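Down below is the structure, laid out as structure tokens.
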Amino acid sequence: MPRTLTQKIIDEHLVQGVFASGQEIALTIDQTLTQDATGTLAALEFEALGLERVRTELSVSYVDHNILQADFKNPDDHRFLRSFAARYGLWYSPPGNGICHQLHLLHFGRPGATLLGSDSHTPHGGGLGMLAMGAGGLDVAAAMAGAPFSLPCPKVLGVELTGRLSPWVGAKDVILELLKRLSVKGGVGYVLEYFGPDVATLSVYERAAITNMGAELGATTSIFPSDDNTRAFLADQDRAEVYQPLTADQGCAYDAVERIDLEALEPLAACPSSPDAVRPVSELGGVAVEQVLVGSCGGGSYHDLMILAGALKGKKLAPGVTLGINPGARQALAQIAANGALNDLLEAGVRLHQSGCLGCIGMSQAPATGVASLRTFPRNFPGRSGTKDDQVYLSGPQVAAATALAGHLADPRELGPAPQVPPAPPLHPSALAAPLDDGSGVEVLRGPNIAPFPELDALPEDLSCTVTLKVGDNITTDHIMPAGSQILPLRSNVPAISQFVFADLDEGFATRTQTAAPAVVVGGENYGQGSSREHAALGPRYLGVRAKIVKSFARIHKANLVNFGVVPLVLADPEDYERLDEGQLIQLPGLKKALLGGAEEFEALVDGQPLKLIIQASPREREILALGGRLNYIKSRL
């Protein structure tokens, strides 16, 4: 029977379950990546398993998020991660070397491999024909220990590409078009698999930019075939030996299909404050913009920077506009320096920043009050930039260049002939440190900001929880656990960072929840979308949240809740959302028995009246929840 590319890779890595939509499956993981905002906790979790060395084909610890060194916290944690990598057999990438997804694509990715990363934009690797998925740090730590990764078997959404992108239209416009059609929850439960006669017109850099931002659709991952473009990319990286051709079988059946005529696309932008609030730039010309940023994991490649440089060559930025670039990798910076493009950018008035995430996660580069900012980043959730009530637009480098020259959102097609991107100079500088053959004698260095991992107790037989917060639809992990330069440095100190849970929505949440514990949070549709940060599950759990009752969950956040023993419950009737409010006592009698007994429906009591809830959990997840979290589950089996 003809198979999709997704099914082929899953079949080759399947160790449990069958390829059937919605059934839990388990896959062997070839490679893992962590970044420092999630990696310190993943490292602590791996240490708790008591192993001597990682058991994957390859694991990498990247430092790219918290690279500002305003005090001891970040440099102490970088030192911890460097020594952890040396001790346990990981590659290590220091601050300034580049962003994890860009670097992994350049140096380690290989077609047909499975990659699990503690960052939601890990699907970037799908541009190289990998099954690359984001997950919580505990799932990644378990994969580093050799455990398979469990997930609901996804459906496959085929995206057929025909035609060729018009001048001044780019890869970001492809994924923005899909977000406009499908919304930020339209990809939940799917792998997006790109196919069609004109996939070959897109470079690996363009494909990776598309798969990267597929995370904003809520998709499990996204993937392109591995073809001659893939082979050429790997050869340019001196890694031709890892190439293998991979494509879907002719005549395979997709669960659903979207068709995009690349030639019909026009420059697009996502408006504040959601990646799916997409409109043609031609309709937004009156919006004044004072800050433009080009960079991030999905917008800082050599290809992106060369488009920007070509558009700005011989020109000057509009008065009052600042344009900053964050190269995705040290290699990209070296390449544009070698071919003269960096000088063109500097002559135009561009501000050069180091290779890292920076403004994408609110780590500097915040816009001024009341000022619109245009960014080639993947997310524009409210306040994520670091400025409250921000006005952040998202686009590709083509629109960014036109906007920086005009001082307002501008259609790049008005700039004349589009620049051509020349082949990259054969330069591959990096500061990657290879793993030691034997790290058993290495001391793992810990600063005072690293707190012991908290012990999590098992679920009681009966549970009564106070509702300490009720929120609406599309709550993001940024809402639950804010990012930014003040909070992210506390990522390895769970007691400290937990005090910021829901701080942007309700400053009193942490204190109120610790006082009322055990507690429950009530939410709407697509609860927990966005980042993979497990602190958004562990923080509430530390405060005393034992359950969350919502209309629907985002995939990664739901998995993280299970990992830390927070019971994810779904309203059987979404209308019952209106019955729930802060301060209510929700009784959950016999919840543990219901979990272990495999019950799919459960009856709670609110104000003495029944409330029907759905338990959407596999047998494995139910046992994890009963034990109070996945670490307890793993330890019980060691």
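Values quoted throughout were computed directly from the atomic coordinates according to the rules given, and no laboratory measurement underlies them. These numbers were taken from a predicted model, which means no experiment stands behind them. So basically every Cβ, Gly included, is an ideal-geometry build from the backbone, and we count neighbours across all protein chains shown.
Here are a few things to note about the model shown:
- With the highest mean first, a sort of the peptides 545-552, 458-465 on other beta-carbon atoms found within 10 angstrom per residue produces 545-552, 458-465.
- Calculated on C-alpha atoms, the gyration radius of the stretch 169-278 divided by its Kirkwood radius gives an Rg/Rh of 0.98.
- Gyration tensor over the Cα atoms of the stretch 463-635: the corresponding equivalent ellipsoid has semi-axes (square roots of 5 times the eigenvalues, largest first) of 24, 19, 15 Å.
- The chymotrypsin sites (Phe, Trp or Tyr not before Pro) found in the stretch 507-591 include none that occupy coil by DSSP while having at most 12 further C-beta atoms within 10 Å.
- Over all other residues within a Cβ to Cβ distance under 15 Å of Met481, the charged ones net out to 0, with Lys and Arg as +1 and Asp and Glu as -1.
- Based on C-alpha pairs under 8 angstrom that are at least 6 apart in sequence, the chain has a relative contact order of 14 percent.
- Three principal axis lengths of the stretch 60-191 [C-alpha, angstrom, descending]: 49, 37, 26
- The chain - mean residue ellipticity at 222 nm from DSSP helices (-39,500 (n - 2.57) per run, n ≥ 4, rounded to 500): -8000 deg cm²/dmol
- Highest to lowest packing among 197-210, 26-39, scored as the average C-beta count within 10 Å: 26-39, 197-210
- The antiparallel fraction among DSSP beta bridges confined to the chain stands at about 35%.
- With both residues required to sit in the stretch 463-635, DSSP beta bridges show an antiparallel share near 50%.
- Pairs of alpha carbons in the stretch 510-560 whose separation is greater than 11 Å (percent): 67
- Its alpha carbons considered, the stretch 403-465 gives a radius of gyration followed by a Dmax of 27.6, 69 Å.
- Distant alpha-carbon pairs in the stretch 5-264 (separation over 28 angstrom), percent: 33
- Across the stretch 361-462 the C-alpha pair distances fall into 5 Å bins from zero in the proportions 2, 8, 11, 9, 10, 10, 12, 11, 9, 8, 5, 3, 1, 0 percent.
- Relative contact order (%) - criterion: Cα under 8 Å, at least six apart; region: the stretch 219-291: 18
- Cβ crowding within 10 Å averaged over residues, with 93-103, 172-182 ranked highest first: 93-103, 172-182
- Over the chain: Kirkwood hydrodynamic radius from C-alpha pairwise inverse distances, Å: 24.6
- When the pairs Lys470/Lys551; Lys155/Lys180; Lys172/Lys551; Lys180/Lys558 are compared against a 23 Å limit on Cα-Cα distance, Lys172/Lys551; Lys180/Lys558 fall above it.
- The largest-to-smallest principal axis extents of the Cα set in the stretch 268-415 are 39, 32, 25 Å.
- Sequence-distant aspartates and glutamates (8 or more away, or on other chains) whose Cα lies within less than 17 Å of Lys388: Glu290, Asp478, Asp504, Asp506, Glu507
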